[in-house]
Amino acid sequence: MTEWMPFGGRFVIGDVYRWHQPAWKPKGWKKSKSRPIGDREIIAQLTGVEDEILIFKLMSCKTTKNDEDWWKPIAELKGDEPLRKNRATLTKLKPDRRPWESADGEPARSISGGSKFLKGPSNEES
């Protein structure tokens with residue numbers, strides 16, 4: 001099992017993030033309110049940025065908690081289409097980040113993410 005680091009306030013393309021997201025009950029009636037029926041753990045890799053929207057490739061999604069009075073299984077997210085999240089919303093969910101596994105590891109990430117001269121399609125920072 002890999003160790004996860006707390007989110008450092010900076011999204012870098014290519015990093016893998018993990019967060020817990022509530023699963024909501026589908027609205028049945030016009031005036032009924034949605035309510036959380038469980039919790040999902042999502043692991044995804046950041047593949048792109050469009051203004052304030054982050055685009056992820058879903059790697060794993062599993063239900064971690066199911067509400068006591070909800071009788072149906074909670075549907076998992078599918079990895080067919082990209083997962084799009086607002087930057088502010090994802091920051092509120094307090095994501096964790098998987099550290100880089102190479103020999104240079106985190107020092108290489110800080111250099112590639114922090115230099116204005118190394119910007120490019122593979123090491124953009126957001």
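What number of residues within segment 21-46 satisfy the criterion of being assigned to a strand (DSSP E or B) and either over 10 Å from LYS65 (Cα atoms) or polar (S, T, N, Q) (or both)? Show your work before the answer.
Let us first name the residues in segment 21-46 that are assigned to a strand (DSSP E or B), namely 21-24, 36-46.
Subset that is either over 10 Å from LYS65 (Cα atoms) or polar (S, T, N, Q) (or both): 21, 24, 36, 42-46.
Within segment 21-46, residues that are assigned to a strand (DSSP E or B) and either over 10 Å from LYS65 (Cα atoms) or polar (S, T, N, Q) (or both) number 8.
Is there a residue in segment 35-45 that is exposed (fewer than 13 other Cβ atoms within 10 Å of the Cβ), touching a residue at least 12 places away in the same chain (Cβ under 8 Å) and of a type in the set (Lys, Arg)? Please lay out each step first, then the result.
Initially, segment 35-45 is screened for residues exposed (fewer than 13 other Cβ atoms within 10 Å of the Cβ), giving 35.
Now drop any that are not touching a residue at least 12 places away in the same chain (Cβ under 8 Å), which leaves none.
Within segment 35-45 (the criterion being exposed (fewer than 13 other Cβ atoms within 10 Å of the Cβ), touching a residue at least 12 places away in the same chain (Cβ under 8 Å) and of a type in the set (Lys, Arg)), the answer is no, since none of the residues qualifies.
Could you list all residues from segment 50-105 that are aliphatic (A, V, I, L, M), surrounded by 11 or more Cβ atoms within 10 Å (Cβ to Cβ) and more than 17 Å from ARG40 (Cα to Cα)?
ILE53, LEU54, ILE55
For ARG109, all conditions in the list (1) closer than 18 Å to GLU3 by Cα; (2) in a loop (DSSP other than H, G, I, E, B); (3) at pLDDT below 75 hold save one; what is the number of the exception?
So the condition that ARG109 fails would be (2).
Tell me, which residue of segment 74-90 that is in a loop (DSSP other than H, G, I, E, B) and more than 15 Å from TRP24 (Cβ to Cβ) is modelled with the highest pLDDT? Reasoning before the result, please.
Pass one, segment 74-90, residues in a loop (DSSP other than H, G, I, E, B): 74-82.
If we keep only those that are more than 15 Å from TRP24 (Cβ to Cβ) as well, we get 78-82.
Values: LYS78: 83, GLY79: 80, ASP80: 84, GLU81: 84, PRO82: 90.
Residue satisfying both the conditions and the ranking: PRO82.
Can you tell me which condition GLY8 does not meet? The list is (1) under 19 Å from TRP100 (Cβ atoms); (2) within 13 Å of the chain's Cα centre (by Cα); (3) not charged (D, E, K, R), and all the others hold.
Failing condition for GLY8: (2).
Just give me the residues in segment 1-15 being modelled with pLDDT of 85 or more, within 28 Å of ASP67 (Cα to Cα) and surrounded by 14 or more Cβ atoms within 10 Å (Cβ to Cβ), in sequence order.
TRP4 - this is the single residue of segment 1-15 that is modelled with pLDDT of 85 or more, within 28 Å of ASP67 (Cα to Cα) and surrounded by 14 or more Cβ atoms within 10 Å (Cβ to Cβ).
Does at least one position in segment 20-41 carry a residue that is within 23 Å of TRP100 (Cα to Cα) and of a type in the set (Gly, Ala, Ser)?
The answer is no; no qualifying residue exists.
The values are calculated or read from the model by the stated rules, or taken from the named source; none is laboratory data. This is a predicted model, so every value here is computed, not measured. As a convention, Cβ positions derive from the backbone with ideal geometry for all residues, glycine included, and neighbour counts pool all protein chains shown.
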